[in-house]
């Protein structure tokens with residue numbers, strides 16, 4: 001009897017110390033924001049295929065960013081075009097869209113940036129108290145003595161000057177420690193490009209692309225834009241995401257493709 005009591009006590013103790021994920025699935029949702037004004041359909045053959053694979057194809061590009069709710073914590077993924085970037089500037093700022101959800105910038109715990117291009121970083125300065133997640137390769141470029149042409153460190157001044165916490169990611173990052181939200185290393189478009197895997201209880205897993213691929217035809221045919229940082233890394237990242245999507249039964253959302261954006265609920269509704 002004494003041994004039985006001891007065993008029960010040890011079992012109870014072990015249960016008490018189980019991680020939260022084992023005691024119950026987290027409440028995770030994904031909200032899509034419009035973070036830029038879409039352009040007219042654009043010819044993509046020359047710029048988005050280094051083998052000129054797309055003929056006369058035109059694609060409707062859009063600009064999107066996202067809010068991830070994990071229990072009572074919040075993360076922003078990408079921050080879209082800056083407000084002064086007419087004619088592609090957002091009609092409503094990211095902060096004002098958050099306000100419609102009764103959220104303030106200070107409530108955002110993390111802001112994840114897929115890569116350093118301006119149409120993904122334009123409003124990041126609105127979240128100075130958030131911990132910044134960015135690929136190490138991209139952070140090294142932003143903080144270099146002379147960033148190359150087309151790389152604008154200004155939106156990141158708060159973090160570069162030490163005013164906020166930064167995690168420069170050399171690989172993947174399990175954001176909340178329970179596997180429900182994972183920043184994925186997908187280099188190639190830029191040196192430290194990352195994507196985001198979000199596991200939703202009702203809708204299933206979703207992979208947000210950043211720019212590892214820009215549109216359906218680009219993704220399906222393993223197309224590589226001529227301006228990408230590294231061709232081999234781009235192809236490896238596309239292959240990784242395709243395998244992840246198959247294994248996780250995930251929906252891939254190509255953030256610039258209007259056809260994909262509409263797979264998620266329209267703001268202010270959220271995928272759960």
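Just so you know, all these numbers are worked out from the coordinates, no wet-lab data involved. Keep in mind the model is a prediction, meaning the values are calculated, not measured. All Cβ positions, glycine included, derive from the backbone under ideal geometry; neighbour counts span all protein chains shown.
Annotation for region 206-266 versus region 94-148: alpha-carbon center distance of 21 Å.
For region 123-231, what is Rg from Cα atoms divided by 2.2 N^0.38 Å, rounded to two decimals?
Working it through for region 123-231, the quotient is 1.16.
The slack in the chain from residue 235 to residue 174, taken as 0.36 nm per residue of separation less the alpha-carbon distance, amounts to 19.6 nm. Distance between the modelled labels on residue 100 and residue 161, one decimal in nanometres: 3.2 nm (7 Å Cα→Cβ projection). Shown for region 135-194 is the translational diffusion coefficient from the Stokes-Einstein equation, using the Kirkwood radius over Cα pairs, a temperature of 10 °C and a viscosity of 1.306 mPa s: 127 µm²/s. Subtracting the Cα-Cα distance of residue 107 and residue 262 from 0.36 nm times their residue separation leaves 53.1 nm of extension gain. For the chain, the direction-averaged projected area of the alpha-carbon convex hull comes to 17.1 nm². Across region 23-271, the relative contact order, built from alpha-carbon pairs under 8 Å that are at least six residues apart, equals 20 percent. Placing pseudo-labels 7 Å out from each Cα toward the beta carbon at residue 246 and residue 40 gives an inter-label distance of 4.1 nm. For region 206-272, the spread of Cα positions along the three principal axes, ordered from largest to smallest, is 38, 26, 17 Å. Compared with the dominant Cα axis of the chain, that is its longest principal axis, helix 2-16 is turned about 20°. Against the longest alpha carbon principal axis of the chain, how many degrees, from 0 to 90 and to the nearest 10, is the axis of helix 231-248 turned? Roughly 40 degrees, rounded to the nearest 10. Just so you know, the averaged projected area of the alpha carbon convex hull for region 52-97 sits at 5.4 nm².
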